[in-house]
1. Looking at segment 150-413, send over the antiparallel percent of its DSSP beta bridges, to the nearest 5.
2. Along the three principal axes, how long is segment 150-413 when you take its alpha carbons, biggest first, rounded to the nearest angstrom?
3. Once amide H atoms are placed 1.01 Å from N in the peptide plane, what residues at a sequence separation of 5 or more from Gly135, or on another chain, have their amide H within under 5 Å of its amide H?
4. If packing is taken as the average number of other Cβ atoms within 10 Å across a peptide's residues, how do 244-251, 365-372 rank, most packed first?
5. Normalised by the residues of segment 180-323, what does the relative contact order come to in percent, with Cα pairs under 8 Å and at least six apart?
6. Skipping prolines and chain starts, which residues have an amide H placed within reach, meaning under 5 Å, of the one on Arg377, given they are 5 or more residues away or on another chain?
7. For segment 127-138, in order, what is each residue's ³J(HN,Hα) by Karplus, 6.51 cos²θ - 1.76 cosθ + 1.60 with θ = phi - 60°, in whole Hz (x at glycine and Pro)?
8. Could you tell me the relative contact order of segment 179-229? Use alpha-carbon pairs under 8 Å, at least six residues apart, and round to a whole percent.
Amino acid sequence: MGPPFAAPRLRGDALFACLIRSPTENKASSARDSRRRYRLLERVSLALMMLLSATVSAAKLSLGPYVQDVGIDSFVVVVETDASASVTVEVGDSDKANIATLTSQGTWHEIRVAGLKAKSSYRYRVLVGGVDYGGGTVATAPLLTDDAPINFAVYGDSRDGRDIERAIVEKVIADGAELVLHTGDLVRQGDLDSEWRDFLKAEAPLMANIPLYPTLGNHEIYRDDEAKNFRHYFVLPDGGRKQLYYSFRYGPARFFVLDGNQTDDERYAHKKGVSSVQTQWLANALDAADQEGGVRHLFVLVHQPPFSTGGHCGSAELESDWVALFERHRVRAVFGGHDHAYQRLERNGIRYFDSGGGGSSIYRERPGCPAFDQAARRVYVKAFHYLRVRVAGDLVKVSAVAPDGSIIEEVEYDREARGGSSPELVDERIWPRALRIGAAVGLACLLLFLGARRLRRKVRKS
Ligand SMILES: [Fe+2]
């Protein structure tokens, strides 16, 4: 029978060689050997721990840190490491006192820091294998009873325009925005992981400190029907990661972030209208918001805007149930993207802003959009921009700001509803287009018929 610990002998290590005594020898000096074995095992354990430690410390931060889901008393720090590692997040308050040390093991880390005070600043830093990778400063959300002014930024359609995006990020940070709402199309092709990483790197100076709430655009699901990357990279409130639409509260405002891609007939084909399940959810959520204490303002985000005179025109015909809900509940503003320009529109007292100038190439205005788009149109500017939104009491001030900081347009309004013409939400372009197609098909059939008849006559004559 061979020695019980043959494998370590291969290393020729004295430490292990001592372990290969035969059972007979052990009997002769069992007490002495027991002590020796104990010491050896201790040393082996130590060596293994050192080896493990060396392996762990070799792991590096590969993404982040960025903050998500910032609430009244908590926020989430997101970090990725290039190998399984123990990540430590140290949190300090404004007095520079360390109030929490949290750890996470693995390669993808979502570390929730909880038990915090509302509307307070907290510093955090991330350590991997003892190496300090920095962090940021996060302000928790105000109490629901807090009616103090808030300010946030809105932009969208960053896609492949990372230089513009970085310039916007700088301005938004300088503005002191408390949160950012992205109107969708963060990436060009949803299934390409590298594009998500590029997005997060461009946004890194902002997202290390300020939460960014994304809207699902059509490009997020381009070759990724299930929006796996969108769900992976964002920690969303209110079940948003599962259903892809969600709501959250920030001070006197409640936000509703919708998924304009979901339909009843075919999940990601924009055909008959937005999904009835989501519409019912929106109706219930708006009803609940009307009863919610301290809510002065309702803001909606949807990538495909109901009204637009840009390249895609508006989606109001498909989103007519939503438009009715916006009007019934007096939504203060609906922010969209999809058409790469700045637009301000209005219908039945509801303001619509199209903010799709966050980086990707800009669209010219399109003539011939449906009557409901043209009637709602107020301003169309072909320009890169972001929206700076300041809310104070009943007032909402929206400034469209170019990446160089110049103001494109500024508009301030209160709760008073405005009038304006309200054409039916029917895309009348469908019929002329259908007629054109029908006429072309009819003409082709007629020519075929005439050609066939002529050929038949020739054959008979010959
Ligand atoms: Fe889009």
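Any read-out appearing in this document is the output of simple, stated calculations on the displayed coordinates, not a laboratory observation. No experiment lies behind these values; they were computed from the predicted model shown. Note: ideal-geometry Cβ built from the backbone for every residue, glycine included; neighbour counts use all protein chains shown.
1. On the way: 34 of 52 bridges.
Bridges in segment 150-413 are about 65 percent antiparallel.
2. That works out to 43, 39, 39 Å along the principal axes.
3. Val126
4. Details: 244-251: 22.5, 365-372: 16.8.
The peptides rank, most packed first, as 244-251, 365-372.
5. Numbers: 234 pairs, mean separation 30.1, N = 144.
Value for segment 180-323: 21 percent.
6. Answer set, sorted by chain and number: Glu346.
7. Each residue of segment 127-138 in turn: 10, 10, x, x, 8, 7, 9, x, x, x, 10, 10 Hz.
8. Values: 74 pairs, mean separation 28.6, N = 51.
Reported as a whole number, the value is 56 percent.
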